[in-house]
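The values are calculated or read from the model by the stated rules, or taken from the named source; none is laboratory data. Since the structure is predicted, the reported quantities are computational estimates derived from the model, not experimental observations. Note that each Cβ is placed from the backbone with ideal geometry, even for glycine, and that neighbours are counted across all protein chains shown.
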Amino acid sequence: MSQNVYDVLVERGFIEQCTHPEEVRELLGKESVTFYIGFDATADSLTAGHFLTIMAMMHMQRAGHRPIALLGGGTTMIGDPSGKSDMRKIMTKETIEHNAKRFYEQLSRFITFDNDKAIIENNADWLLGLNYVDFLREVGAEFSVNRMLTAECYKQRMERGLTFFEFNYMIMQSYDFLVLNRKHNCCLEMGGNDQWSNIIGGVELIRKKEKKPAYGLTFKLLTTSEGIKMGKTMKGAVWLDPEKTSPYEFYQYWRNIEDVKVEECLGLLTFLPMDEVRRLGALEGAKINEAKEVLAYEITKIVHGEEEAKKAQDAARAIFAGGAKHDDMPTTELEAARWENGIDLISLLVEGKMCATRSEARRQIQQGGVSINDVRETAVDRIVTEADKKEGSVVIRKGKKVYHQFK
């Protein structure tokens, strides 16, 4: 018999908390389980932060279980306060519908929805038409306010002021689980560890209302060694949409992660066998770069396909080998008039999003961290002109790894 998917998720480092570990493991080992994961449609693309969750869904589906991807067309209209210090910006119904459609298109690249192998649902279908009084009688009556206020997601917001609007979020998410349980016999909810309180709410609601077992399981959140969520750069989120984050930038993000995170990310974000994950994770010194290359290539291959992963890898290697120009390098085309007049180096560093502010750009130049066409530049008032172009472009490098070409 193939390995129990629960053991696979444990070994690869996914599971943070589980309501009933022994029961869930036993269930996943003996029958096909319908489970769900929710995605609030707050943007028009999924992010690197969602990718860990998608990998877990893929492991589950490969083991014969049935995923429900729940698009939060209804809950997105409220916004989840978990892990947020401020209330979410309220979005229009049309924007949320558009975002939900894009999520479905992206998820379809990773999850097979044909022949009932996976289900897509949108909680707008049952939340937006709810009768408030009926909802309070059926669902609200099962929740203790005292108990809800002890939940981590609300505690963080109490000092700043938690609106009643957001206070409803846990009840609505719990109701989602109840609806999916009644409709598809879904008995397991999975999500990031910041969802633990909301997930427990749904587990308990089903057990009370339906008098049958329901379970919850959370995944670890990918963070840097400082505890900051991974998947963010100076430009903002690392997106799965190649139009928003190019395959090259996506590859570079993973190629440049901290050494201490390489083994963890290989376990969570690739399908490499764990023996190979441990071998690569144990590499030290300059050899850890080999592991980072494998990590970046494997993740980019899953998200963007083998061809794009190969192109990104070739581009990165060409650049590391000596600042070679490459079509896949981030590029900005400037108007001819700007080249004639000359552009100051600080402006180029900011425009190319290599530095967040002018003061940071100035500091990088002063500290010798900036090169033009592989020649270090320490003059903060340096003007870059047409004369600096080589083979039609100027390549600016910050540090050892950040390149941008200007044409």
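Remarks
- Residue 189 being among the acidic types (Asp, Glu) and over 27 Å from the mean Cα position of the chain (by Cα): no
- For residue 182, the criteria (1) in a loop (DSSP other than H, G, I, E, B); (2) touching a residue at least 24 places away in the same chain (Cβ under 8 Å); (3) surrounded by fewer than 20 Cβ atoms within 10 Å (Cβ to Cβ) hold in every case but one, which is (1).
- Within region 125-142, restricting attention to residues that are part of a helix (DSSP H, G or I) and among the hydrophobic types (A, V, I, L, M, F, W, C), the residue that is surrounded by the most Cβ atoms within 10 Å (Cβ to Cβ) is 127.
- Residues of region 370-388 that are under 21 Å from residue 318 (Cα atoms) and either in contact (Cβ under 8 Å) with a residue 40 or more places away in the chain or in contact with a Lys or Arg (Cβ under 6 Å, 6 or more places away or on another chain) (or both): 370, 371, 373, 374.
- Whichever residue in region 25-54 is assigned to a helix (DSSP H, G or I) and in contact with a helix residue (DSSP H, G or I) (Cβ under 6 Å, 6 or more places away or on another chain) and, among such residues, is farthest from residue 121 (Cα to Cα): 25
- Residue within region 210-233 that is in contact with a His (Cβ under 6 Å, 6 or more places away or on another chain) and either more than 25 Å from residue 43 (Cβ to Cβ) or surrounded by 13 or more Cβ atoms within 10 Å (Cβ to Cβ) (or both) present: yes
- Search result, residues across region 147-178 that are part of a helix (DSSP H, G or I) and surrounded by fewer than 18 Cβ atoms within 10 Å (Cβ to Cβ): 147, 148, 149, 152, 155, 156, 158, 164, 165, 167
- When 78, 15 are checked against the criterion of being at pLDDT 95 or above, buried (at least 19 other Cβ atoms within 10 Å of the Cβ) and out of contact with any strand residue (DSSP E or B) (no Cβ under 6 Å at 6 or more places or on another chain), 15 stands alone in meeting it.
- For residue 251, the requirement of being farther than 24 Å from residue 42 by Cβ, in the same structural domain as residue 34 (by TED's automatic domain parsing) and among the hydroxyl-bearing types (Ser, Thr, Tyr) is not met.
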